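**Q** Okay, here's the structure, questions in a sec.
The values are calculated or read from the model by the stated rules, or taken from the named source; none is laboratory data. Since the model is a prediction, treat every value here as computed from it, not as a measurement. Cβ placement follows ideal geometry from the backbone for every residue including glycine, while neighbour counts extend to all protein chains displayed. Protein only, heavy atoms only, side chains kept; ligands, DNA and RNA dropped before computing areas. Shrake-Rupley method; radii C 1.70, N 1.55, O 1.52, S 1.80 Å.
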Amino acid sequence: MIGTMSRYHQEFYMIQITRRVSAFSHILLACTLLTGIHSFAATQNASDQPATTATPHRYEAFQPMRSFILVSVRDDSDLPAAYRWLYKYHVPDSISQFAPYVTKYATYRALPVPPEGKDYGTYNWIMTEHYWLINPFNTSNSAAPNGLAFKETFDPEYMRITRQPTDGDLRPTHWVGSREGYHPTVFAFAPLFWEEDYKGSDRTIEDGPNYRWLIVFKYPKGVTVEQGDKWFRQAFIPALAKRPEVNRILSSHILSQPHTSPFQRVAEIWFDNSKQWQKAMTAVSQSVAKPDWAVYDKFPYLEPYKDFVGEFLLDHPESDHLQQYQGYISTR
């Protein structure tokens, strides 16, 4: 097959093969290392301590999962400083720390916030997704990992730019989001595959542009997940699924571990564009009744930025960092 290709296509073909082999090698290496760690731990526990006093150690288990990180800025004037931090400091920091146990690390630029977007807790800068092989916070009681040689680079000015408290970690341990106040970084973990598929399962990349509305949310204090999910599945989702403007609906529960945010559910609803989103939400907001447990009166009956956060995204990342990042190479 290669012999019939042009030189350009041969080189491109070989690059793709090399990348796939590299990714597969990472997974095999991680599995081998994790197996070795477990075997070593078991041997040490058996030989070093009496059975009656043995204390189990916390070693990293093979646990494939994905995460969503949503970040906002005060306004567009903060973008030069925010992007400088992202590509000059944070991406290389992150690759240095977790490249051995992450198979994908990509950042999507948020699309402009549509009218009424703030009523849905819309963030305006980036969403970063990771595909993890292990729980990176296995030995940590906060949203900052332990056992690393270096801490991530950030300063109070970055925290101010991204509307976060300046006296905490890069990712919040306690949620303090509100419409006019802080918009803390959302860091939510979910199963590797979407758990619930409500509409558009036969959609392909050839079916047109995808205006993705990514949302994460939690139910008010005192409302169980079962109560909240009943409303989500029996009222919110059916109303959206009926709309011709909606092309795709997917959802999963948020994992309880790692516990890096208060949110309980993540979902994506896709449209062709922002006008189709506006048209659908106008209709759905008029047809879905307020649930008995709601404490916020306006649809979707979850307080924006406190209980409900979202972002509008394309289906293609701005940068797939493990494949594309080559350093902070500036203009000349």
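**Q** To the nearest 0.05, how large is the calculated FRET efficiency for ARG160 and TYR89 if R₀ is 22 Å and r is the Cβ-Cβ distance?
**A** After rounding to 0.05, the efficiency reads 0.85.
**Q** A further question on this structure: Taking R0 as 30 Å, what FRET efficiency do you get between THR282 and SER178 from their Cβ-Cβ distance, rounded to the nearest 0.05?
**A** Step by step, r from the Cβ atoms, then E = 0.75.
**Q** Hey, got the Cα dimensions of region 175-322 along the principal axes, in Å, largest first?
**A** 44, 42, 30
**Q** Taking region 157-212, which GluC sites (Glu not before Pro) meet the DSSP loop condition and have no more than 10 other C-beta atoms within 10 Å?
**A** Passing sites in region 157-212 are GLU180.
**Q** So, one more: Taking amide hydrogens as modeled 1.01 Å from N in the peptide plane, which residues meet the under 5 Å criterion relative to GLN63, leaving out close sequence neighbours?
**A** ILE134, ASN135
**Q** Quick one: give the max-minus-min coordinate of the C-alpha atoms of region 236-332 along each principal axis, largest first, in Å.
**A** Principal-axis extents of the Cα atoms in region 236-332, largest first: 57, 34, 23 Å.
**Q** Further question: Determine Rg/Rh for region 119-229; Rg is computed over alpha-carbon atoms and Rh is the Kirkwood hydrodynamic estimate from the same atoms. Numbers along the way, then the final one.
**A** Working: Rg = 17.3 Å, Rh = 17.5 Å.
We get a ratio of 0.99 for region 119-229.
**Q** Distance between Cα centroids, region 178-203 to region 82-147: provide it in whole Å.
**A** So the separation of the two Cα centres works out to 13 Å.
**Q** Right, something else. List the lysines whose Cα lies under 25 Å from the Cα of LYS298, skipping any in the same chain that are fewer than 8 positions away.
**A** LYS118, LYS218, LYS221, LYS230, LYS242, LYS275, LYS279, LYS290, LYS306
**Q** What's the carbon and sulfur percent of region 189-332's accessible surface, probe 1.4 angstrom, rounded to a whole number?
**A** Result for region 189-332: 49 percent of the exposed heavy-atom area is carbon or sulfur.
**Q** At 0.36 nm per residue, minus the direct Cα-Cα distance, what do ARG203 and ARG233 gain on full extension? Give it in nm, one decimal, please.
**A** Additional length available on full extension: 8.7 nm.
**Q** Given q = 0.14, 0.20 Å⁻¹, what are the Debye log10 I(q)/I(0) values for region 177-234, with equal point scatterers placed on the Cα positions and solvent ignored?
**A** -0.67, -1.13
**Q** Another question, if that's okay. Note the per residue figure in Å³ for the convex hull of the C-alpha positions in region 62-320.
**A** 133
**Q** Measure off 7 Å from each Cα along the Cα-to-Cβ vector at SER330 and GLU152, then give the distance between these two points in nanometres to one decimal.
**A** 2.4
**Q** I would also like to ask the following. Tell me the per residue accessible area of region 131-200 using a 1.4 Å probe; a whole number in Å² is fine.
**A** Result: 51 Å² per residue.
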